[in-house]
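In what follows, a structure is listed as structure tokens, so that the remarks can point back to it.
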Amino acid sequence: MNMAAFQWTREPADFRLAEDRLEITTRPHTDLWQRTYYHFRNDNAPVFQLETDEPFFSFVVRTDFAHSHHRFDQCGIVLYLDSENWLKASVEYENDQFQHLGSVVTNNGYSDWATTEIDASVSSMWYRLSRREDDYRIECSTDGETFRQMRICHLVHGGGTIRFGVYACSPEDSSFTAVFTDMALTECKWQAHDGQQPDEV
């Protein structure tokens, strides 16, 4: 991918960018979250994104988080429109036994959080974000070959021109270096639905 076409939202103080590799060293107390349950709002994580109006595509990236070590340290994919409309998927460090593989979708200022526990020994994860107009599919893979669905979601303001890419953050008093490689933009790998037909309007 042409990394020069990406743009920062909140450029991190410490990062390294090469032709096919990005390293972000997180700052403490950085995160993306809006309101739900915790009632606080955090909107200060660095986000590195590409803009497009293409309605059908898939974006793949490999993340390496071997140096994450503190609760909620995380890195992954993101589609960030503005502070109140975005999605993300990542592995969040919890402790030396397990981590949370999960995703967050935020519409009109309210976030959800869907997770599953994975072993703490996992130190890298592939993600694939697919777009079909204003609907999105998030998948993950441990080998970059076999992807498994994490969720399908709708973004209320996710039609038309969007921005998508990667992010890293440390919500508590921590810092680590996240590594992103093998970024690729392909035709949409999320095939059109061939089951029940849409309702008539």
Legend entry - With all protein chains modelled, accessible area of Lys189 [1.4 Å, Å²]: 80 Å²
Inset, instruction - Mind running the shape call on segment 135-201? Use the C-alpha gyration tensor, a ≥ b ≥ c as the square roots of the eigenvalues: rounded below 1.5 for a/c, prolate if a/b tops b/c, oblate otherwise. - result: prolate
Legend entry - Segments 155-162, 123-130 sorted - mean Cβ within 10 Å per residue, highest first: 123-130, 155-162
Inset, instruction - Return the sequence-ordered ³J(HN,Hα) values of segment 17-22 in whole Hz as given by the Karplus equation 6.51 cos²θ - 1.76 cosθ + 1.60 applied to θ = phi - 60°, using x for Gly and Pro. - result: 10, 10, 4, 9, 8, 10
Inset, instruction - With an 8 Å cut-off on Cα pairs and a minimum separation of 6 or more residues, tell me the relative contact order of segment 122-201 in percent. - result: 23 percent
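Could you tell me which GluC sites (Glu not before Pro) in segment 151-201 are loop residues by DSSP with no more than 11 other beta carbons within 10 angstrom of their beta carbon?
The qualifying sites are Glu187, Glu200.
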Inset, instruction - Quick one: grab the alpha carbon gyration tensor of segment 38-127, order the square roots of its eigenvalues as a ≥ b ≥ c, and give me rounded if a/c is under 1.5, else prolate or oblate depending on whether a/b is larger than b/c. - result: oblate
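Please give the contour-minus-distance gain from Ile152 to Asn108: 0.36 nm per residue of separation, less the Cα-Cα distance, rounded to one decimal in nm.
On the way: separation 44, 0.36 × 44 = 15.84 nm, distance 1.78 nm.
Difference between extended and current length: 14.1 nm.
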Legend entry - Amide H partners (placed H, <5 Å) of Met183, local residues excluded: Arg62
Inset, instruction - Would you mind checking which residues have amide H under 5 Å from Met150's amide H? H placed 1.01 Å from N; only 5 or more apart, or other chain. - result: Ile138, Glu139, Cys140
Legend entry - Potential lengthening between Asp53 and Trp8 on full extension [0.36 nm per residue; Cα-Cα distance subtracted]: 14.4 nm
Inset, instruction - Take peptides 134-140, 3-9 and line them up by average Cβ neighbours within 10 Å, highest first, as a rough protection proxy. - result: 134-140, 3-9
Legend entry - ³J(HN,Hα) computed for each position of segment 43-51 - Karplus, 6.51 cos²θ - 1.76 cosθ + 1.60, integer Hz, glycine/proline x: 8, 9, 6, x, 10, 10, 9, 10, 9
Inset, instruction - Let me know the shape class of segment 5-79, please: from the alpha-carbon gyration tensor, a ≥ b ≥ c as square roots of the eigenvalues, rounded when a/c is under 1.5, otherwise prolate if a/b is greater than b/c, or oblate. - result: oblate
Legend entry - Protein accessible area in the chain, 1.4 Å probe - carbon and sulfur %: 44 percent
Inset, instruction - Compute the convex hull volume of the Cα atoms of the chain, divide it by the residue count, and report the result per residue in Å³ as a whole number. - result: 127 Å³
Legend entry - Sequence of His39, His100 from largest to smallest accessible area, 1.4 Å probe: His39, His100
Legend entry - Accessible area per residue, Å², the chain with all protein chains present, probe 1.4 Å: 50 Å²
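The values are calculated or read from the model by the stated rules, or taken from the named source; none is laboratory data. From a predicted model like this one, the values you see are computed outputs, not experimental measurements. Ideal geometry is used to build each Cβ from the backbone, glycine not excepted, and the neighbour counts take in all protein chains shown. Only protein heavy atoms, including side chains, enter the accessible area calculation; ligands, DNA and RNA are left aside. Shrake-Rupley method; radii C 1.70, N 1.55, O 1.52, S 1.80 Å.
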